[in-house]
Each structure stands twice: as C-alpha cells, then as structure tokens.
Amino acid sequence: MSDSNRRRFSRFPLPGSVRLYSGTAMWQTELIDLSLRGVMVVTPQGWVGTPGTRFRLDVRIEGGIMIGMGVELVRATPRSLAFSCQKIDLDSFSRLKRLVELNVGNTDILNRELATLGE
C-alpha cells in the first residue's frame, strides 16, 4: 500500500521555522509540512537521531503562530525528517486544528480526521 493510500491525515506545506530539542542538543531547521498527526522538516545540519527517538519540537509559522509538541522520529533521510506527534498541549492543538481547518477547506474532512485521532 502506498503512503498516500495509508495516510489518514491531510498534510499541507506552510512556511515556518522549527526548533528540535533532545536531552542534550538543539537544532534549527525549516518546516516542510504538517498535519494533525505529524510534522516533516528539512534535515538540519549536524543532525543526530534515529527512528523511535523522542524530541521536543517547536514550530513557528510565519505570522507568529507557535505550536509545540512532543514528537517521535519516524523516518530520517538526508533531506527530511518525519515525526509523529506523541503529545501536544491544548493551546497548541487548538492552533494546529485551526491551521488544518483553514488549509483543508472542508469541514467533513476535518471532522473525519479529528475522529480518527481518537482511534
């Protein structure tokens, strides 16, 4: 099954900066896209991390919107890192939900994705 057939959450590109934190290091990079369930970023210079490792990720969307979450690295390539969201506070989730709503443009899709989060 292809990634697009497996994907249950709409991903959309947004301009933004990202800070990734481990217990001992911090990296700055750029946002590629995000969804209700995950984030993809440009692989930062000096990156050290393996799939399954957890990080703190802060996204600043152009316009000043800040979203923070606890993430787990799912996939790493020389060009990009894919993270799944493991933990997010209510304020950040509300901002993320609003961004998804604006970018998806379809309340039926948004409601389906929100329902899928509970599975």
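See the values below:
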read-out: Residue match in the stretch 5-19 (condition: at pLDDT 95 or above, in a loop (DSSP other than H, G, I, E, B) and on the phi < 0 side of the Ramachandran plot); value: no
read-out: The listed residue being assigned to a strand (DSSP E or B), over 14 Å from residue 31 (Cα atoms) and among the small types (Gly, Ala, Ser), out of 46, 52, 70; value: 70
read-out: Test for residue 78: is it part of a loop (DSSP other than H, G, I, E, B) and surrounded by 17 or more Cβ atoms within 10 Å (Cβ to Cβ); value: no
read-out: Counted residues, the stretch 21-72 - those being at pLDDT 95 or above, among the charged types (D, E, K, R) and surrounded by 13 or more Cβ atoms within 10 Å (Cβ to Cβ); value: 5
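The values are calculated or read from the model by the stated rules, or taken from the named source; none is laboratory data. Model, not experiment: these values are computed from the prediction. No Cβ is skipped: glycine too gets one built from the backbone with ideal geometry, and neighbour counts run over all protein chains shown.
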